[in-house]
Amino acid sequence: MGLWHKYAWVAYLAVFLGVCGHASSEFVSVLSGVKGPELSVWRFLLGGAGLVILALIMPSSRNLLEPFKREGLRLVWLSILGVSLGYLLFHWSLDFATVSQVATMVTTIPIFVGLANLWVNRQPFGTPKIISGVCAMLGVALLITDGYLAKLAGEARNLVGVFMAVGCAAVVSLYTVMVRPIIGRYGALRITAITMFMGAVGLWLVVGVFWGIWVNPATLFARAGGQVAALLTLSLYNTTITQFLWIGGLAAVPDITRGSYIFFLKPVIAAFLAVVFLGQGLTVWQVVAMVVICASVGAEAYQALRGERA
């Protein structure tokens, strides 16, 4: 067993912890009370700055200019694709669609990661992965809609948000696959910090020009206390920490498609947190859905373990 595979479980654990952070992002976004485009700027300006500070603290990732010598142009357009465009679509979609609709559509990320990996790296997207992915997606729909799939349809206006959420899943997945080799050369923290912060600058410009909203981070603490808490949580926890663990973990796992399937656990984790901290109950449909999702992810984990032992 090679050293890479011997410690692969650490990478899978990082992905799982990153998914735990993703599990509450839609809800914190709604609680913030800030509209989508403006919220995306706040989130990534503060979260990206947090990543830059974290990178500067670590000696191995302190030289943020080094990657630009060979990867400058690629880093710029990946930042625009994966952060500026991807997360603008994510937060903006919440202005049109419900949290359940957006959460369900964004959970298609593992499917898009598999397709992007097939296109970019020619890594097969085999039948077992397709079956487990479809089963997990059906479980997600069941869990979030409590068994009533018609809830996902919503009104005509909701379709705009649904398409935005699917677009977010597609471009974030492509970014995740294409940034992986660069992370392999320069490290997860350094590249995540660079792309997140550059993407935040792109968001700041786009939202300023097209929406007329020029976000000034210096005015953060002039807002209401609850809004400040929500923005800081979304920026530092759901972005700085979560993005580092998610992107870095996926860059390190032996099979990025299989590793991304852990993302299907996102709604299960959110449901678990609601039960523990909010005292909410679970219906029979929700329990069935959680079993289906966990079984699908467990099947992929078993296949990964078999591959490492082979």
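The values are calculated or read from the model by the stated rules, or taken from the named source; none is laboratory data. It should be emphasised that the depicted structure is a prediction, and the values quoted were computed from it without experimental measurement. Heads up, the Cβs are rebuilt from the backbone with ideal geometry, glycines too, and the neighbour counts pull from every protein chain shown.
Structure above, values below:
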{"read-out": "Residue within the range 67-76 that is in contact with a Pro (Cβ under 7 Å, 6 or more places away or on another chain) and over 25 Å from residue 224 (Cα atoms) present", "value": "yes"}
{"read-out": "Tally of residues being surrounded by fewer than 22 Cβ atoms within 10 Å (Cβ to Cβ) and part of a helix (DSSP H, G or I) across the range 246-261", "value": "2"}
{"read-out": "Any hit, the range 156-163, residues being of a type in the set (D, E, K, R) and either closer than 19 Å to residue 64 by Cβ or not in a helix (DSSP H, G or I) (or both)", "value": "no"}
{"read-out": "Lone qualifier among 209, 201 - being touching a helix residue (DSSP H, G or I) at 6+ places or on another chain (Cβ under 9 Å) and among the β-branched types (Val, Ile, Thr)", "value": "201"}
{"read-out": "Hey, residue 80 β-branched (Val, Ile, Thr), surrounded by fewer than 22 Cβ atoms within 10 Å (Cβ to Cβ) and either touching an Asp or Glu at 6+ places or on another chain (Cβ under 6 Å) or within 27 Å of residue 103 (Cβ to Cβ) (or both) or not", "value": "yes"}
{"read-out": "Residue within the range 135-151 that is at pLDDT 75 or above and of a type in the set (Asp, Glu) present", "value": "no"}
{"read-out": "Residues of the range 222-245 satisfying the condition of being farther than 23 Å from residue 56 by Cβ and surrounded by fewer than 19 Cβ atoms within 10 Å (Cβ to Cβ)", "value": "222, 223, 224, 225, 226, 227, 228, 229"}
{"read-out": "Qualifying positions in the range 38-79 - of a type in the set (Ser, Thr, Tyr) and in a loop (DSSP other than H, G, I, E, B)", "value": "none"}
{"read-out": "Test result for residue 179, surrounded by 17 or more Cβ atoms within 10 Å (Cβ to Cβ) and under 18 Å from residue 52 (Cβ atoms)", "value": "yes"}
{"read-out": "Pick from the range 182-195, criterion surrounded by 24 or more Cβ atoms within 10 Å (Cβ to Cβ) and among the hydrophobic types (A, V, I, L, M, F, W, C), ranking: farthest from residue 18 (Cα to Cα)", "value": "194"}
{"read-out": "Pair list, Cβ < 8 Å and 6+ apart or interchain, from the range 257-283 residues that are within 16 Å of residue 106 (Cβ to Cβ) and among the β-branched types (Val, Ile, Thr) to residues that are modelled with pLDDT of 70 or more and not in a helix (DSSP H, G or I)", "value": "269/23"}
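Per-residue answers, yes or no, for (1) surrounded by fewer than 21 Cβ atoms within 10 Å (Cβ to Cβ); (2) more than 13 Å from the chain's Cα centre (by Cα):
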{"site": "63", "(1), (2)": "yes, yes"}
{"site": "84", "(1), (2)": "no, yes"}
{"site": "90", "(1), (2)": "no, no"}
{"site": "109", "(1), (2)": "no, no"}
